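> Have a look at the structure that comes next, please.
The values are calculated or read from the model by the stated rules, or taken from the named source; none is laboratory data. Only a predicted model underlies this, so the values are computations on that prediction, with no experimental measurement involved. Cβ placement follows ideal geometry from the backbone for every residue including glycine, while neighbour counts extend to all protein chains displayed. Protein only, heavy atoms only, side chains kept; ligands, DNA and RNA dropped before computing areas. Shrake-Rupley method; radii C 1.70, N 1.55, O 1.52, S 1.80 Å.
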Amino acid sequence: MAAQAPTEELSKLSVSDAAAKPTKPGPDTATATNGNLNRDDDDSDDDAENAAVDAAATGAAKKKKKRKPKKKKKAPTAQSDPPRVLISQLFPNDSYPKGEEVEYVNENSYRTTSDEKRHLENITFNSEFLTDYRHAAEAHRQTRKWAREFIQPGKGLTEVADGIEDSVRALVGHSGLEEGDGLKAGMGFPTGLSINHCAAHYNPNAGNKMVIQQEDVLKVDIGVHVNGRIVDSAFTLAWNPRYDPLLDAVKAATNAGIKEAGIDARLGEIGGVIQEVMESYEVELDGTSYPVKSIRNLNGHTINHYSIHGSKSVPIVKSNDQTKMEEGDVFAIETFGSTGNGYVREEGEVSHYAKRGDAQKVDLRISSAKTLLNVINKNFGTLPFCRRYLDRLGQEKYLLGLNNLIANGIVESYPPLVDKKGSYTAQYEHTILIRPTVKEVISRGDDY
């Protein structure tokens, strides 16, 4: 997300042999010879009795026949389409894949083998921290793999947003519909679906009828969190190859920024490297060449627990910022390129909101604002949300209360960010962990 500057026990059939009462010998009495019972025609009662015994014994034998045990369902080994198989089932015992681990170089190369740094890493990046991040990252990778195939010209933005967000929630096992469930795992922020000159922060509100066109350049910015550990990663889609140089420029710039990132790296210098790579590309559209420009008032940023924007910003143009990256930091390295002015402004209907982490306690006089704040606290906390998220929780007629919370400095709104109309913008982004021994590009995948 751009920073602006979950047997019947066989009832044993007791077959009791009929106890025949002894009878006095007489003309009609059967006599035993050599242990064999000789019956005459009048012994029909005994025959019936023995037949019953035989039948009962046969029935018991049938009942004692063991039933075949039901076959246990095998654990799923592949993802479904759309993604609905829990990541935790595909990777049991928290064995989630690592991101791309990159060793430090030059004066920091010792860190890879340092026992001291390994010990520090066990303290700073405990197993729960890494498990949650890797869980979220794998959910991100599998969601975007599906999304890249699903998103095509002719699809509506609402259908795309719902598809992505339903997939994320299914993969982490938390629908977010029960109170507090969305705080356990789910969306780290509303999915950004920004088209052409709109660079960031566009998500369809209810009733949106926008449809993706063949000539569109679409930025897809997805946030996934597990226990407040947010993975923020974005990519761009275009269906006309004439836009490929723009996408290539931004992807290369993002990777250059990731390469420069590390302990003690100065943020202003990283921005200079990003700008140099970005602006070495140009795009030819309808016979005119356009230089690709870094959007100078958009930045990468640190990510905090349950907070998408931390206190440090990573510029994408050269600056004098001497702030250093430090052990334990989590950064979103994101870059934006444009064929326009290379500068964005706020414009259009707002969809993104977030409760401010530093919000002061205010005596709210509008009841709908109080009610809505309670919903926000219990379901999102400081995680960003959008109007559709409030709609799916059953909230109605909340705009007055929402605007009141904004006016009182409790909630912040994030309008769409646009360059000049007619221009095209692209975005690529990864989340990296600045670990004491290596940097881990946690969201890296086979796609980008």
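> How big is Rg to Rh over segment 99-174, alpha-carbon atoms, Rh as the Kirkwood inverse-mean-distance radius?
Rg/Rh for segment 99-174 comes to 1.20.
> On to the next question. Taking the full set of protein chains and a 1.4 angstrom probe, give the accessible area of LEU373 in square angstrom, rounded to the nearest 10.
So the heavy atoms of LEU373 present about 30 Å² to solvent.
> Still on this structure, I have one more. Quick one: compute a quarter of the convex hull surface over the Cα atoms of segment 140-280 and quote it in nm².
10.0
> Given a 1.4 Å probe and the protein chains all in place, what does the accessible area of GLU396 round to, in Å² to the nearest 10?
Accessible area of GLU396: about 150 Å².
> Keeping all protein chains in place, calculate the accessible area per residue for the chain (probe 1.4 angstrom), answer in Å².
52
> Could you tell me the accessible area of TRP146 in Å² (1.4 Å probe, neighbours in place), rounded to the nearest ten?
TRP146 has an accessible surface of roughly 40 Å² with all protein chains in place.
> If you don't mind, another one. Largest first, please: the extent of the C-alpha atoms of the chain along each principal axis, to the nearest Å.
So the extents along the principal axes, rounded to whole Å, are 128, 58, 54.
> Of GLY310, ASN341, ASN297, which is farthest along the charge dipole of segment 283-371 in the positive direction, counting Lys and Arg as +1 and Asp and Glu as -1 at C-beta?
So the residue we want is GLY310.
> Let me ask another. Could you sort out which of LYS219/LYS370; LYS155/LYS318; LYS219/LYS259 sit more than 29 Å apart by Cα distance in this structure?
Those over the limit are LYS219/LYS370; LYS155/LYS318.
> Ok, one more. With the cut-off at 19 Å, report for segment 347-404 the share of all Cα pairs above it, as a whole percent.
Roughly 23 percent, rounded to a whole number.
> Now a separate question. Taking 7 Å along the Cα-to-C-beta vector as the label spot, tell me the ILE366-ARG148 distance in nanometres, rounded to one decimal.
Here the answer is 4.3 nm between the modelled labels.
> Using only the Cα atoms, work out Rg/Rh for segment 134-187, with Rh taken as the Kirkwood radius, to two decimals.
Result for segment 134-187 is an Rg/Rh of 1.02.
> Pulled fully out, how much extra length does the chain show between MET210 and SER289, if you take 0.36 nm times their separation in residues and subtract their Cα-Cα distance?
Once the chain is fully extended between MET210 and SER289, it gains 25.5 nm.
> Ranked highest first by the average count of other Cβ atoms within 10 Å around their residues, in what order do 302-308, 283-289, 353-359, 423-429 fall?
423-429, 302-308, 353-359, 283-289
> Of the accessible area of segment 276-382, with the probe set at 1.4 angstrom, what percent is carbon plus sulfur?
Heavy-atom surface of segment 276-382 belonging to carbon and sulfur, 1.4 Å probe: 41 percent.
> Per DSSP H run of n ≥ 4, the term is -39500 (n - 2.57); total these for the chain, divide by its residue number, and report the mean residue ellipticity at 222 nm rounded to 500 deg cm²/dmol.
-9500 deg cm²/dmol
> Could you sort ARG392, ARG444 by accessible area so the largest value comes first, with the probe set to 1.4 Å?
Ranking ARG392, ARG444 by accessible area, largest first, yields ARG392, ARG444.
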